[in-house]
Structure formats: structure tokens, C-alpha cells
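Everything on this sheet refers to the single structure shown next.
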Amino acid sequence: MSELLLSLILGLIQGLTEFLPVSSSAHLLFPSLLFGSNDLGLPFDIAVHAGTLVAVIFFFRSDLTNMTKSFFIKDELLVNDRRLALLLILATIPVVIVGFFASGLIEQRIFSIQSIAWMNLIFAFLLLLAYKYNTHSKELITLTIVGALFIGCFQVFALLPGASRSGTAITAALFIGLSLKDASKFSFMLGIPTILGALVFLLLDVVNSDVYLNSLSLIIGFLVSMFFAFFTIKYFLLFAERIGMYPFVLYRLGLGIILLSLI
């Protein structure tokens, strides 16, 4: 498979799976499993993550503008925006701390198809429990500091390939009683500082190493991941409560079983 075609496929996979409660790392295995393709390296990882970051920032641009204004303008109408911004920052702290101290292990990419498969199965089961017993008792506006910290701590599991960043955040939010729509929105917005933090670590790795750069491959990965990430966010938020979580639970269970069968 050519590098440019692989860039397009991996960009599409990253864009579709970054914000869905499925594992992007599991799906990114398929090109190498099916076609024996190689890893495109850290620069490409940066490009596709940057694409998804631009997509989520653009989608929530109005919310982010209000959050920014809330820190500089005293306006009663912006109180909730400031509170949400602080909760997002607070929920990001656990993954930043753990990511910093575990960066050596993350860089080595110590994982296997078997471990990714089991993470899919385990977190599919947790998502099922969270969705089935969700009380819908809280709205995003009522989310507490403890609740935000719980979501943030649960998101730390996303550092394990196969767990899914958005999946862990949505699962935790459902466990504490947020509606699926609000849980998804908080998860997607939480992706902004989380992905940004991941990009910083990746950029530091690139600066400290001698890597091969294919500009066209990076541009393709960036644009494709950005395009598909934007529409994934848009349509998931539109249809989240109608779709529910059962299709994603079944999909992840099937994916885990398929990966185990390939070992």
C-alpha cells in the first residue's frame, strides 16, 4: 500500500473514531493487520491529532468564545461558561499528571493486539453498565467538582490502548448520572485540552529525535482527520439519545472478539 493511500485511510480512521466511544488504537491496527503496512511515525500522529483538535475547536467555537470571555468580562450570563471551563480544566489534570509520569512507557508503545482486544471487551462492559443504569438525574450545568474529577480520573484509563478516550469519559459521565447528550458534549469538549496535551508530548518527542517527514502525507492525514472528526461530532450529538450506546457496546464486543481471533 502506498504511503499516501495509507495516510488517507489512517486519517479517516482517526477522524471517525477519536470522538466515538470506540477505540481508535484498535482500528488503527487494521491497516497493518490486513495489508502489512508500517507505522507512519510520530509526525503523522501529530498531524491527525491536530486535525481532530481543529475540528472540535471549530465545532465548539461559540462555547469556547464564551468561556474565554467569562474570564475577562464580569457578566452574569457567562457565569456558567466560566464554571464549565474550570471543570474541564480540572478534569484534564489527572490524565496530564499520569501521562507525564508514564510518558516513557507510552513512547515505547508497549501493547499487543491481545491487550487492545481485552481493553475493548472490558470497557465495552463498563459502558454497558453505565448506560443501562444511567439515572439521567444531572444536567451538565449541575456537574460538580467531584463529578468532573471522577470523569477526569476515569479518563486516565484512555492511556491504555484499546480503552478509548471518549469512551472512558462518556462512561464515567453516565455513571454519575449525566444524560447521554450532556455526557457526550462534556467528553468531546474535554478532548480539547487532552488532545492538546498529547500534542505537546508528541512534539517534544519529535524535537528530540531525528524523524522522516513526508509533507504531503501529513497534510492528507490532517485534512482527512479534521473533516471526518467534525462530522462525527456533529451527527453523534444530534442523534446520541436516539442511537443510544447499545450499538457501540455490541460493536466493541465484536471488535474485541475479532482481534482475539486474529492472534
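Details
- Local electrostatic count at Ser166 - Lys and Arg +1, Asp and Glu -1, tallied over other residues with Cβ under 15 Å: +3
- Seen from Leu218, the other residues with C-beta closer than 13 Å to its C-beta sum to a net charge of -2, counting Lys and Arg as +1 and Asp and Glu as -1.
- Sorted peptide list for 130-137, 187-194, 153-160, criterion being average Cβ within 10 angstrom, highest first: 187-194, 153-160, 130-137
- Restriction of the chymotrypsin sites (Phe, Trp or Tyr not before Pro) in the range 46-101 to DSSP coil positions whose beta-carbon has at most 16 other beta-carbons within 10 angstrom yields Phe71, Phe72.
- Cross-link partners of Lys69 among lysines, defined as those whose alpha carbon lies under 27 angstrom from its own and excluding same-chain residues fewer than eight positions apart: Lys138, Lys181, Lys185, Lys234.
- Each of Ser62 and Leu238 was given a label point 7 Å from its Cα along the Cα-to-Cβ line. The distance between the two points is 1.5 nm.
- Sparsely packed loop sites in the range 48-103 (the trypsin sites (Lys or Arg not before Pro) outside DSSP H, G, I, E and B with at most 16 other Cβ atoms within 10 Å) comprise Lys74.
- Applying 0.36 nm per residue to the separation of Ser2 and Thr144 and subtracting their alpha-carbon distance, the gain on full extension is 46.2 nm.
Every number in this text was worked out from the coordinates using simple rules, so none of it is lab data. Being a predicted model, the structure only gives us computed values, none of them experimental. Cβ coordinates were reconstructed from backbone atoms using ideal geometry, including for glycine residues, and neighbour counts include every protein chain displayed.
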